[in-house]
Amino acid sequence: MTGAPVEADWAAAVAAVRDLPADARVQLICHVNPDGDALGSMLGFGLGLRQLGVRRLRATFPGPSEVPEPFRALPGLDLLVPEEEAYPAPELVVCFDAASESRLGALVDRLDTAGCALVLDHHASNTRFGGINLVDPHAAATSVVAEELLTRLGVSLDAAIAECLYVALTTDTGSFRFEATTPAVHELAARLLATGIRPGDISRRVFDTRPFGAVRLFGEALGRARLEPEAAGGRGLVWTYATLDDLARHGQRPYVLEALIDSVRCTAEADVSCVVKQVRPGEWAVSMRSKGAVDVSRVAVALGGGGHRFAAGFTGHGSVDEVVAGIRAELDKALIGA
Ligand code: AMP
Ligand code: MN
Ligand code: MN
């Protein structure tokens, strides 16, 4: 693992923004199928650039341009454009929460067409694909890196920026429950809350609101969860799945399944949990979580994906059983100390 950014990295990033010509085009890009950290760090940073006077500024992500319902009240959504409307050759491109180029989909060409490519991320598996890389594997969220850069640029946190960064921070720390929740994370949260944002309203919108159809769909998916105590060298695996047909029957959009892993991973008898979500026939988005005995990022990377030690994912192919068989096989190789 490479360490946190050094002074020279920060200085290069600050210069890349400060030295932009007045009419420069800046394109912000976050990872495909964006979560709270991807959207929150990107929009919060975008609002900060706007405060600095950057006028030609667009934000986007690859794939369908629909923003998941929990994030539709985020400030700065007016910066978002469909990927087709992203600047073809911006002076600066900034990438958020993407561990590798593959997470940028068709927008990956901007790394070549842009005058400068700046990467903000916190995945240990980050491939350092930018010209300037601010990658801190110890940061709880990409928004932690974004806030430090905003501060170094002289941006003052207002409530709109703070709300974006707070959504990002709470999403990636599981509302301050995960191991990455350091004193510095709480200090950042304190600075964000001091702007007057309302954590109760934000959390209810982002975490605690879902359509009744999604509640029923979760019931179905949880009802068929499987526990395999002998998997992962006896640490245990719990898993379930959801198909496009399940979504259609309950009238639900795919984003509602993002929270399903949180109901599965609480299983006491399993260190590793997994949700296999159909994206299209024969293709599955796989979410994995670990309580610590197994490094699931190793499993995910081995299967073509990425992530963190305790939370990782990949794209699976074939049937559900084939995808889970692949996970079982990799789990046995990934045990810590093995
Ligand atoms: P998720 O299960 O979708 O919440 O993702 C958990 C972690 O795994 C996040 O840090 C993602 O960035 C990472 N991740 C999920 N899916 C993929 C993928 N297909 N390729 C690379 N990383 C992924
Ligand atoms: Mn993310
Ligand atoms: Mn993140």
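The values are calculated or read from the model by the stated rules, or taken from the named source; none is laboratory data. Just so it is clear, the structure is predicted and the values come from calculations on it, not from any experiment. No Cβ is skipped: glycine too gets one built from the backbone with ideal geometry, and neighbour counts run over all protein chains shown.
Within 16 Å of ligand 1 (Cβ to nearest atom) and in contact with an Asp or Glu (Cβ under 9 Å, 6 or more places away or on another chain): is that true of ALA146 in this structure? Spelling it out, it is not the case that ALA146 is within 16 Å of ligand 1 (Cβ to nearest atom) and in contact with an Asp or Glu (Cβ under 9 Å, 6 or more places away or on another chain).
Residue pairs whose Cβ atoms lie under 6 Å apart, sitting 6 or more positions apart in sequence or on different chains, and linking a residue in the range 163-178 that is within 19 Å of GLY196 (Cα to Cα) to a partner that is buried (at least 23 other Cβ atoms within 10 Å of the Cβ) and of a type in the set (S, T, N, Q), are LEU165/SER143; ALA168/SER41; ALA168/SER143; LEU169/SER143. Considering only residues in the range 218-262 that are more than 25 Å from the chain's Cα centre (by Cα) and in contact (Cβ under 8 Å) with a residue 60 or more places away in the chain, the one that is farthest from ligand 1 (Cβ to nearest atom) turns out to be GLY233. Taking the range 126-156 as the search range and keeping residues that are farther than 20 Å from LEU43 by Cα and within 13 Å of ligand 3 (Cβ to nearest atom), which one is surrounded by the fewest Cβ atoms within 10 Å (Cβ to Cβ)? Looking at residues that are farther than 20 Å from LEU43 by Cα and within 13 Å of ligand 3 (Cβ to nearest atom), I get HIS138. The number of residues in the range 1-44 that are touching a residue at least 60 places away in the same chain (Cβ under 8 Å) and either closer than 12 Å to ARG152 by Cα or more than 16 Å from ligand 2 (Cβ to nearest atom) (or both) comes to 19. Answer with yes or no whether PRO88 is exposed (fewer than 15 other Cβ atoms within 10 Å of the Cβ) and over 19 Å from the mean Cα position of the chain (by Cα). Here the answer is yes, as PRO88 does meet what is asked. Scanning the range 14-45 for residues that are within 30 Å of PRO211 (Cα to Cα) and either in a helix (DSSP H, G or I) or of a type in the set (Asp, Glu) (or both) yields ASP35, GLY36, ASP37, ALA38, LEU39, GLY40, SER41, MET42, LEU43, GLY44. Hey, can you tell me all the residues within the range 107-125 that are surrounded by fewer than 22 Cβ atoms within 10 Å (Cβ to Cβ), within 11 Å of VAL93 (Cα to Cα) and within 16 Å of ligand 1 (Cβ to nearest atom)? Scanning the range 107-125 gives a single hit, VAL108.
Quick check: anything in the range 180-193 surrounded by fewer than 17 Cβ atoms within 10 Å (Cβ to Cβ), without any contact (Cβ under 8 Å) to a residue 60 or more places away in the chain and more than 19 Å from THR151 (Cβ to Cβ)?
No; the residues of the range 180-193 include none that is surrounded by fewer than 17 Cβ atoms within 10 Å (Cβ to Cβ), without any contact (Cβ under 8 Å) to a residue 60 or more places away in the chain and more than 19 Å from THR151 (Cβ to Cβ).
Number of residues in the range 17-32 that are at pLDDT 95 or above and over 24 Å from the mean Cα position of the chain (by Cα) equals 7.
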